[in-house]
Amino acid sequence: MTWWEALLLVLGGAGAGTVNAMAGGGSSLTVPLLVLAGVPGNAANGSNRVGILASNVTTAWSFHQQGVTAYSDAVRVLVPVVIGSLAGSLGISQLTDDTFETVFGLLMLPIIFLSIRKPKTHLDAEPWHPGVTFVVFLLIGIYGGAVQAGVGLVLLAALTRSGYDLVRANVIKVIVTLAVTAIALPVFIVQGKVHWGPAALLGAGLAAGGWLGARIAVRGGERIIRVVMVVAALALAAGLLGLY
């Protein structure tokens with residue numbers, strides 16, 4: 001790995017960590033960065049989880065420092081998410097690197113849509129039936145365990161539909177994503193899908209960005225970063241699909 005690739009991982013991780021804390025979709029930047037740094041596709045997917053874990057720990061701590069918590073709300077959806085995460089990570093780890101990179105590139109299209117479409121809070125929304133809630137968050141867990149990229153945006157869409165404001169939904173999202181990552185990461189480690197050098201560099205940036213992003217999220221100001229994220233996701237998805 002060259003020095004500029006290492007620097008790109010740290011700086012890209014910091015930007016992605018900030019975006020993840022404020023909304024989501026940061027992995028649509030960090031996974032391609034790992035691939036560009038020479039990490040094979042499925043190993044990049046696994047290595048990315050190291051940084052995501054670090055980022056969510058610092059993000060949760062930053063929210064906690066500011067007095068914004070939602071632990072009891074997160075507990076309600078953790079069981080289906082954890083089950084789904086284990087299933088998703090076991091399934092995706094069986095794909096070849098080339099197949100994973102193609103699947104990842106295609107999945108960027110709906111993630112870009114979610115990046116553009118800012119979640120709206122439905123405070124008067126009817127609560128979902130417990131069975132519907134279980135299925136929705138089971139599917140989110142499967143997706144998060146398999147791909148990770150954009151799971152924060154998907155969680156925000158579901159949580160704001162459930163009546164949470166964006167800041168509270170962000171806190172729940174962070175806790176749930178932390179659980180998803182904690183379940184999925186060991187699967188990738190056991191199967192040798194983590195390259196620790198690049199993962200550590202990316203993780204340092206993600207951890208710093210997560211702490212900062214939580215502070216920005218509480219005070220507002222995600223608009224500019226969201227635009228940058230959309231542009232980066234478009235460019236990197238096109239690169240993974242071989243368009244340039």
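Each reported figure results from applying straightforward, stated rules to the coordinates on display, with no laboratory input. What you see is a predicted model; the values in this text were computed from it and never measured. For neighbour counting, all protein chains shown are included, and Cβ atoms are generated from backbone atoms with ideal geometry for every residue, glycine included.
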Computed Rg/Rh of region 1-84, alpha carbon atoms with Kirkwood Rh: 1.04
For region 61-89 and region 1-51, write down the distance between their C-alpha centroids in whole Å. 22 Å
Measuring from label point to label point, each 7 Å out along Cα→Cβ, what is the A200 to M1 span in nm? 0.9 nm
Over the Cα atoms of region 182-223, what is the Rg over Rh ratio if Rh follows Kirkwood? 1.17
